[in-house]
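Participant: Input: one structure, supplied below.
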Amino acid sequence: MYTRQYWAIIEALFKQKQVANVTSEEGKTDFLTERLSYLRGLKSPNNQQALLILLADKEKRTPDDDRKLNALLRAEKAEVRAQKARADAARIVNAEKIAERKARDHELYNSAGLLILAGLVDVTTGKPVMDRGELLGALLGLAKVPSNDQQRGDWKRQGDALLAKKETKK
């Protein structure tokens, strides 16, 4: 399509800022230059990338070589776009996982706050104020009490009153 001499002239004009518009061909040159430096840095480029390097470095390309080079360039650009799309998708998935984990952590902190509010955990050290086995046994006993038991209703009223008192102090 275009010879190396043509590209040398375009580059010289561009460097002298005599070329005002960047054409799509110049954009191809910029991409090709950047991509070739990346591909040359790879330990083992795939066959398509190796052929792209060979064709780009070829001094006298035939029209068939130019056609192949353009096709390989389009494929490389598509691969770059695909990599960016995969990275964007991974960021979205990770953001959702992070949000779920933050919500779960928030609920766990709230539960720990209830234990502190009940006086079962020391505020400064974060350790239980009684034996861990004793505390766990008491919580297991609470879990066994049926939800319609009157004792649970009494506990709920006491807890709601303490939470309301805490809220009014804020």
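The values are calculated or read from the model by the stated rules, or taken from the named source; none is laboratory data. None of these values were measured; they are calculated from a predicted model. Ideal geometry is used to build each Cβ from the backbone, glycine not excepted, and the neighbour counts take in all protein chains shown. Protein only, heavy atoms only, side chains kept; ligands, DNA and RNA dropped before computing areas. Shrake-Rupley method; radii C 1.70, N 1.55, O 1.52, S 1.80 Å.
Participant: Skip the ligands, DNA and RNA, and give the accessible area per residue of region 58-170 with a 1.4 Å probe, whole Å².
Facilitator: On a per-residue basis, region 58-170 sits at 81 Å².
Participant: Given a 1.4 Å probe and heavy atoms of the protein chains only, how would you sort Tyr109, Tyr38, largest accessible area at the top?
Facilitator: Tyr109, Tyr38
Participant: What accessible surface, in Å², does a 1.4 Å probe find on Val93, ignoring ligands, DNA and RNA and rounding to the nearest 10?
Facilitator: For Val93, solvent-accessible area is about 80 Å².
Participant: Same structure again: Rounded to whole Å, give me the distance from the Cα center of region 114-129 to that of region 34-105.
Facilitator: 54
Participant: In the full protein assembly as shown, how much of Leu117 is accessible to a 1.4 Å probe, in Å² to the nearest 10?
Facilitator: Ignoring ligands and nucleic acids, Leu117 comes out at about 60 Å².
Participant: Evaluate E = 1/(1 + (r/R0)^6) for Asp88 and Asp64, where r is the Cβ-Cβ distance and R0 equals 35 Å; express this FRET efficiency to the nearest 0.05.
Facilitator: The value I calculate is 0.45.
Participant: Which sequence of Lys84, Lys60, Lys166, Lys43 reflects their accessible areas, 1.4 Å probe, from the largest down? Intermediate values should be presented prior to the final figure.
Facilitator: Numbers: Lys84 130, Lys60 175, Lys166 90, Lys43 205 Å².
Largest accessible area first, the residues go Lys43, Lys60, Lys84, Lys166.
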